[in-house]
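The values are calculated or read from the model by the stated rules, or taken from the named source; none is laboratory data. Source: prediction; values computed, not measured. Cβ placement follows ideal geometry from the backbone for every residue including glycine, while neighbour counts extend to all protein chains displayed.
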Amino acid sequence: MSESKILDGIAQVARQHLEWQGPIERRMRLVEDLELDSMRLFTLAAELENHFRIHLYEEDEMTLETVGDLVDAIGRKLAD
Amino acid sequence: MSDASTLAGLLERAAQVPDTGLRLLDRSENASWHSWSEIYHGSLRVAGGLRKIGLRQGDRVSLVFPTGIDFFHAFFGTLLAGGVPVPVYPPVRLGRLAEYHHRTARMFELVRARLILADGRVRRLLGEAVRLAAPPLGCLRLGDLSKDLTADVGLGLGAETLALVQFSSGTTMDPKPVALSNRAILAQVKLLNSFWPALSTESEEEARWRPSGVSWLPLYHDMGLIGCIFTALEIPSVLTLIPPEVFVTRPAVWLRALSKYRATVSPAPNFAYGLCVKKVRDEELQGVDLSSWKVALNGAEPVSPGILRRFLERFSSFGLDPAALTPVYGLAEAALAVSFSDLETPFSSRKFARQALASEGRAQETPEGVELVSVGRPLPEFEIAIRDPEGRAQPEGHTGRLWVRGPSLMEGYLFQPEATRKAVVDGWLDTGDLGFFYQGEFFLTGRAKDMILLRGRNFAPQAIEHSLDQIQGVRTGCTVAVSHMPEGGEQEELILLVETDARASAEERDRLPGLCKKTVLTAVGVLPDQIVLLEPGTLPRTSSGKLRRQEALQLYLTDALEASPPPSPVGLALALGRSSLAMARHKRKPRKVSWEPADEKRAER
C-alpha cells in the first residue's frame with residue numbers, strides 16, 4: 001500500500017473515531033498536535049488495527065511519536 | 001489448605017464445582033472457557049515454579065499482564081506459593097513510554113517487589129522500569145518457571161495474611177500501596193454476594209442460570225478484581241470477561257455479552273455509561289435484551305444524573321430495567337464498596353443550593369440547586385461518620401469529611417506507617433472524601449484531598465501545576481489544577497486556574513490558554529476542559545503560602561474568585577499604573593477562556 005494511502009487511512013480513522021476535523025500530516029505529533037490523551041491514543045491504535053487489518057505490537061508502537069512514525073510502522077506491518 | 005478463609009482456599013473450593021469459571025472474550029467476541037478447576041491446577045504449577053526459584057512467604061510479586069488467563073495463573077500461583085500479588089497496569093498503547101517506566105518503577109519500589117511476573121510482550125517493554133527497581137528475583141514470564149509440581153505450596157496461609165496489594169490514589173507522584181488481608185477481602189466479597197438479587201426462579205429455564213456477571217474492568221483495579229472476579233469465585237459462578245481495550249473501542253460488546261450470557265450483575269464507572277450512549281449504534285444491538293441485568297453498579301467516579309438518565313433513555317427499549325442503575329460509593333482502602341443505593345428502585349437524586357453547600361456546608365434543597373445523586377446507605381457492618389476538620393460528628397444535612405468503619409478495611413499502606421497512621425485512626429478510615437447525609441441517604445460533594453480523578457485515572461494536581469511553571473507569562477507556583485462535576489455535566493472536568501505574570505504582554509496572554517492545554521496534555525496525558533486566567537494574587541493561600549485548591553474551586557464556582565486588594569501603597573500604585581483594560585478585567589469575574597472550537601470539545605467527551 002502506498003504511503004499516501006496509509007496516510008489517508010489514518011486520516012479516515014482520526015475523523016471517524018476521534019472526531020478530528022483538521023488535516024493529518026506526517027510531521028504531526030500524536031500527543032501534542034493531535035491532542036490525544038491516553039484513552040484516545042488507545043482508540044487510535046485499536047481502530048488502525050481494525051482499519052488496516054494488522055496487529056501493532058506494543059514494543060513497536062510505544063516508540064511512535066508522530067503520524068509519520070505511524071505511517072512507517074503500518075507500512076512495515078502491511079509488507080510483512 | 002484447610003478452609004475457605006483465604007482467596008487461595010476459595011479457588012480450591014471453586015475448583016470442585018463443575019460448570020463454573022471464567023469465559024474470556026477476545027476482540028472478535030469469541031469465547032474461551034477456563035474453569036476454576038483449570039485455573040487452580042495451572043496456578044499450582046506456577047506456585048511450584050515460584051517456590052523453586054526461591055520465592056518466600058510474604059514476598060511481593062508484581063504482576064504486569066493484560067486481561068487473559070495468564071494473569072490468573074500468576075495471581076493465584078503467587079498466593080499458593082505464599083507470596084503477595086501486586087497487580088500493576090500494563091502500558092497504554094502508543095507512546096508515553098518514559099512516563100510509564102517512571103511510574104511503574106516507582107510502584108515496584110514502593111512494594112519492594114521481590115519478583116516481577118509479566119506477559120511476554122509486556123516484559124520486553126519493562127526493561128527500564130525493571131532496571132530502576134532491580135527486584136532480587138528479576139522479571140520473568142510464566143514460561144520461564146519450571147513446571148515442578150513437587151514443591152511445597154499452599155502452606156502457611158491464613159485469614160490474616162496479605163492477599164493483595166492494590167494501588168489507590170494512584171497519582172503519578174504519590175501512588176499508595178493498599179495492603180489487604182484475606183480476611184478483609186473475603187468479608188467484602190461475602191457482603192457483596194449477599195447483596196445481589198437472588199437467582200431468578202420465574203421459570204425452570206431461567207432458574208438454571210446461576211447468578212452471573214460480565215466485566216470489562218481492568219484486573220489491576222478493585223472494582224474489576226474484587227468486585228467481579230472474587231465475587232464470582234466465592235459463589236462460585238461464571239464470569240464473562242472482556243478486555244478493557246475491547247470495551248473502550250467497542251462498548252457494544254459489553255451490552256451484547258450482558259444479553260447473550262443473561263448476566264445479572266455488571267459494574268462500571270460513570271464514564272463507561274456515557275461512552276455507551278455516545279458510541280453504541282442500534283445496528284450493533286440487534287436482538288439484544290438487557291432485561292436480565294438487575295444490578296448496573298456505578299461507582300469509582302462521581303456519578304452524573306444526566307448520564308444515568310441518558311443511558312436509561314437510550315437503552316430502555318432494549319429491556320434495561322430502570323431499577324438496575326445503582327450508584328455506589330467505595331474506595332480501595334475499604335477493599336471496594338462502602339455504600340450502595342437501593343437495588344430495587346431507580347436511582348434517586350436531589351437538588352441542593354450550591355451557595356449553602358459551598359460556604360456553609362449545609363444541604364438545603366432547592367429546585368435551582370446542583371443535582372446530586374444519592375449513593376445510598378452503608379453496607380451492612382459498615383458505618384459512615386461525617387466529621388468536621390476537628391473530628392466532631394456533623395448532624396444530618398451538614399457536610400464534612402467522611403470516615404468509614406467496617407470489616408474490610410486495609411491493613412495499611414504497605415511500608416508506609418506514617419501514611420497509615422494518618423489514614424486509619426482508632427479503627428476509622430479517613431476517606432478524604434466530603435459528603436453529607438440527607439434523609440438517611442448519603443451524598444458525595446467532593447474530595448478533601450486534592451486528588452484529581454478524570455476518565456478513570458487519578459492525577460496529583462502538583463504534577464499538572466508544575467508542568468505549567470515553565471510557560472512564559474504564567475506566575476511560577478501560582479496555578480491550581482482542580483476537577484469537578486459541572487452542573488448538568490456528564491463527567492468530571494479539569495479546570496486550571498492560572499495566575500498570569502503582570503509583565504506578560506497581551507500576545508503572551510492570548511497564547512496562554514493554548515500553551516497551557518498542550519503543556520498539560522504532554523506532561524500528564526489529559527486535556528484540560530477549562531483554563532481560567534487570573535490576575536496575580538487571586539488564588540487563596542494558607543498562612544504558610546500553600547495554595548488552597550478546594551477553596552479556589554469553590555470561589556471560582558460561586559464567581560467569588562477575585563484578586564485580593566493590593567497590599568501596600570506601592571502595590572496600589574503599580575495596580576493603578578496598569579492599563580484600563582487590565583483594571584476592568586480585575587473587577588470582573590475571572591475570564592473564562594474558550595480555547596477550542598465546540599466540535600473539538602465534544603470530541604474529547
If I ask for residues that are of a type in the set (D, E, K, R) and either more than 20 Å from residue B:455 (Cβ to Cβ) or at pLDDT 80 or above (or both), which ones from the range B:474-491 would you list?
B:475
Looking at the range B:238-261, I want the residues that are facing chain A (nearest Cβ under 10 Å) and within 21 Å of residue B:90 (Cα to Cα) and have a partner that is crowded, with 20+ Cβ neighbours inside 10 Å and among the hydroxyl-bearing types (Ser, Thr, Tyr) with Cβ atoms under 8 Å, at least 6 apart or on another chain. Which pairs are those?
B:244/B:67; B:248/A:43; B:249/A:43
Count of residues meeting criterion [more than 10 Å from every other protein chain (Cβ to nearest Cβ) and closer than 15 Å to residue B:140 by Cβ] in the range B:87-126
10
Of the residues that sit in the range B:215-237 and are part of a loop (DSSP other than H, G, I, E, B) and over 22 Å from the mean Cα position of the chain (by Cα), which one is nearest to the other protein chains (Cβ to nearest Cβ)?
B:237
If the requirement is being touching a Pro at 6+ places or on another chain (Cβ under 7 Å) and among the acidic types (Asp, Glu), which of these qualifies: B:381, B:390, B:411?
B:381
Which numbered condition residue B:525 fails, given (1) surrounded by fewer than 21 Cβ atoms within 10 Å (Cβ to Cβ); (2) at positive phi
(1)
Residue check, residue B:296 in contact (Cβ under 8 Å) with a residue 24 or more places away in the chain and either out of contact with any Asp or Glu (no Cβ under 9 Å at 6 or more places or on another chain) or within 23 Å of residue B:70 (Cβ to Cβ) (or both)
no
Would you point out which residue out of B:404, B:370 is under 22 Å from the mean Cα position of the chain (by Cα), of a type outside the set (Phe, Trp, Tyr) and under 25 Å from residue B:550 (Cα atoms)?
B:404
Filter the range B:393-413 for residues that are among the aliphatic types (A, V, I, L, M) and more than 16 Å from residue B:159 (Cβ to Cβ) and give the result.
B:393, B:402, B:404
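Here are some residues: B:106, B:112. Which one is assigned to a loop (DSSP other than H, G, I, E, B) and surrounded by fewer than 22 Cβ atoms within 10 Å (Cβ to Cβ)?
B:112
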Only one of (1) at negative phi; (2) away from chain A (no Cβ under 14 Å); (3) touching a strand residue (DSSP E or B) at 6+ places or on another chain (Cβ under 7 Å) fails for residue B:64. Which number is that?
(2)
Restricting attention to the range B:457-471, report how many residues are charged (D, E, K, R) and part of a helix (DSSP H, G or I).
1
Kindly provide the set of residues from the range B:297-320 that are within 16 Å of residue B:338 (Cα to Cα) and either outside any loop (DSSP other than H, G, I, E, B) or of a type in the set (Gly, Ala, Ser) (or both), ordered by number.
B:297, B:298, B:299, B:300
Output the number of the condition that residue B:278 fails; it satisfies all remaining conditions of (1) surrounded by 22 or more Cβ atoms within 10 Å (Cβ to Cβ); (2) in contact (Cβ under 8 Å) with a residue 60 or more places away in the chain.
(1)
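Kindly indicate the residue of the range B:511-538 that is assigned to a helix (DSSP H, G or I) and among the β-branched types (Val, Ile, Thr) and also farthest from residue B:455 (Cα to Cα) among those meeting that condition.
B:519
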Pick from the range B:125-153, criterion modelled with pLDDT under 95 and among the acidic types (Asp, Glu), ranking: nearest to residue B:53 (Cα to Cα)
B:148
Got a number for residues in the range B:20-42 being over 16 Å from residue B:244 (Cα atoms) and crowded, with 17+ Cβ neighbours inside 10 Å?
9
Which of (1) within 14 Å of chain A (Cβ to nearest Cβ); (2) modelled with pLDDT under 80; (3) outside any loop (DSSP other than H, G, I, E, B) is the odd one out, the single condition residue B:206 does not satisfy?
(1)
Among the residues of the range B:327-350, what is the count of those that are within 17 Å of residue B:230 (Cα to Cα), touching a helix residue (DSSP H, G or I) at 6+ places or on another chain (Cβ under 9 Å) and not small (Gly, Ala, Ser)?
3
Mind checking which pairs have a first residue in the range A:32-54 that is more than 9 Å from chain B (Cβ to nearest Cβ) and over 16 Å from residue B:28 (Cα atoms) and a second that is part of a helix (DSSP H, G or I) and of a type in the set (Gly, Ala, Ser), Cβ under 8 Å, 6 or more apart or different chains?
A:34/A:14
Qualifying positions in the range B:28-70 - under 30 Å from residue B:101 (Cβ atoms), in a strand (DSSP E or B) and hydroxyl-bearing (Ser, Thr, Tyr):
B:62
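Within 22 Å of residue B:238 (Cβ to Cβ) and in contact with a Lys or Arg (Cβ under 6 Å, 6 or more places away or on another chain): does that describe residue B:31?
Spelling it out, residue B:31 is indeed within 22 Å of residue B:238 (Cβ to Cβ) and in contact with a Lys or Arg (Cβ under 6 Å, 6 or more places away or on another chain).
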Filter the range A:18-29 down to the residues that are within 8 Å of chain B (Cβ to nearest Cβ) and surrounded by fewer than 21 Cβ atoms within 10 Å (Cβ to Cβ), then identify the one that is nearest to the chain's Cα centre (by Cα).
A:18
